[in-house]
Every structure is written in C-alpha cells, then in structure tokens.
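Colleague: I have a structure here, written as structure tokens, and I will follow up with some questions on it.
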Amino acid sequence: MFVAHGLWRVFMDPPCAYISMKGAFNKEGIIAFQNDLMATASQFAPQSMMDAVVDLTEFEMSTADSIEDTRQYFAGVTQRGLQTVSYVGANALARHMLEQLWQDTTTAVHFFTSMEELVSNQPHYKGNIDRLVKISFKHPN
C-alpha cells in the first residue's frame, strides 16, 4: 500500500456540497477523500445533498488505478440523490475523463472555466464559495 496523496477541502450546506481539490491524487488519496466526503455528508439527512460544486483549478491529476473507485463513487452519490455537479477549472483531459465517469448516471454535469463564470450563472453559490476558500486543505494522512 502506498502513502495517500492529494489535498482537499469540503464545505457542505444542504442542498449543496462545495469541494476543492489540489495536487495529484493516487488511489489511496482518492479513497481517503471519498471517505471524508461520506463522513461529512453523513452529518446531514439522507438525500439532502442534491448539488455539488467542485473546484479543480489546482487539481493536477489522479492515477489510472483510482478510476474504477471514482466511477463507483459517482454511481453511489447519484443513488443518494446527487442531481447536478458543477466543475470549475477542469482541464481538457480531466473534463473528458469526468464526462466518461458520469455517463452512466442520471447526474447532470456542468463545466465552468472559472468561479466568476459559475457565479455569473449560479449567483446563489457565491456566499458558500467564499466560505470554502477560507477552509484549510486536508491531507489524507
């Protein structure tokens, strides 16, 4: 087993989860991140998280061995009520991979080049995005 890599921060205010990912993630980092998301979401009523905003402007990559874990996680959050996810700052490769990973779910996926573009389209996210950036990044170890 390898040491987990990747940093994240999470803020949840039902019906939306706000997430920021930073750096490169390996399989162990993805699993630690998913476990933290599930633990945080478990503090709220089932089916209460219907939307997610995911900031990928500082995300670098994830390893190929984490893809199936991510696909299973996406299927699970769809079953738990996630209706839409908005990605900010995903590069072309990440966008292509995310589109493939979400394709067998009913969750609607949207991509924005910047937070300004997202807030212009979805102004109700502004206050909580400001709160997210004030949270320290978590490390899996």
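The values are calculated or read from the model by the stated rules, or taken from the named source; none is laboratory data. Since we're looking at a predicted model, the values are computed, not measured. So basically every Cβ, Gly included, is an ideal-geometry build from the backbone, and we count neighbours across all protein chains shown. Areas reflect the complete protein model, heavy atoms only, side chains present, ligands, DNA and RNA absent. Shrake-Rupley method; radii C 1.70, N 1.55, O 1.52, S 1.80 Å.
Colleague: Rounded to the nearest Å, what's the spacing between the alpha carbon centres of the range 114-132 and the range 1-37? Just the number, please.
Modeller: 20
Colleague: What accessible area, in Å² to the nearest ten, does a 1.4 Å probe give for residue 96?
Modeller: 100
Colleague: Calculated FRET efficiency, residue 106 and residue 128, Cβ-Cβ r, R0 25 Å, to nearest 0.05?
Modeller: That pair, residue 106 with residue 128, gives E of 0.55.
Colleague: Which whole-number value in Å² is the accessible area per residue of the chain, probe 1.4 Å?
Modeller: It amounts to 54 Å² per residue over the chain.
Colleague: Then there is this: Mean residue ellipticity at 222 nm from the helices of the chain, using -39,500 (n - 2.57) per DSSP H segment of n ≥ 4 over the full residue count, to the nearest 500 deg cm²/dmol?
Modeller: -11000 deg cm²/dmol
Colleague: When each pair of different Cα atoms in the range 61-141 is counted once in the 1/r mean, what is the Kirkwood radius in angstroms, to one decimal?
Modeller: 14.3
Colleague: Quick check: with the 1.4 Å probe, what order do 44, 111 take by accessible area, largest first?
Modeller: 44, 111
Colleague: Whenever you get a sec, compute what percent of the accessible area on the range 46-133 sits on carbon and sulfur atoms (1.4 Å probe).
Modeller: With neighbouring chains kept in place, the figure for the range 46-133 is 53 percent.
Colleague: (1) 42, 30, 30; (2) 35, 33, 32; (3) 55, 28, 25: which one is Cα extents along the principal axes in Å as calculated from this entry?
Modeller: Evaluating Cα extents along the principal axes in Å on these atoms matches (1).
Colleague: Then there is this: Hey, for a label at residue 84 modelled as a point 7 Å past Cα toward Cβ, could you say which residues of the range 40-71 have their backbone N under 19 Å away?
Modeller: Correct set: 47-56.
Colleague: Measure off 7 Å from each Cα along the Cα-to-Cβ vector at residue 114 and residue 69, then give the distance between these two points in nanometres to one decimal.
Modeller: Simple spin-label model gives 3.4 nm for this pair.
Colleague: Dipole magnitude of the chain about its Cα centre, charges +1 at Lys/Arg Cβ and -1 at Asp/Glu Cβ only, in debye to the nearest 20?
Modeller: 280
Colleague: Classify the range 7-57 as rounded, prolate or oblate, taking a ≥ b ≥ c as the square roots of the eigenvalues of its Cα gyration tensor: rounded when a/c is under 1.5, otherwise prolate if a/b is larger than b/c and oblate if not.
Modeller: Oblate is the answer for the range 7-57, as a/c is 1.5 or above yet b/c matches or exceeds a/b.
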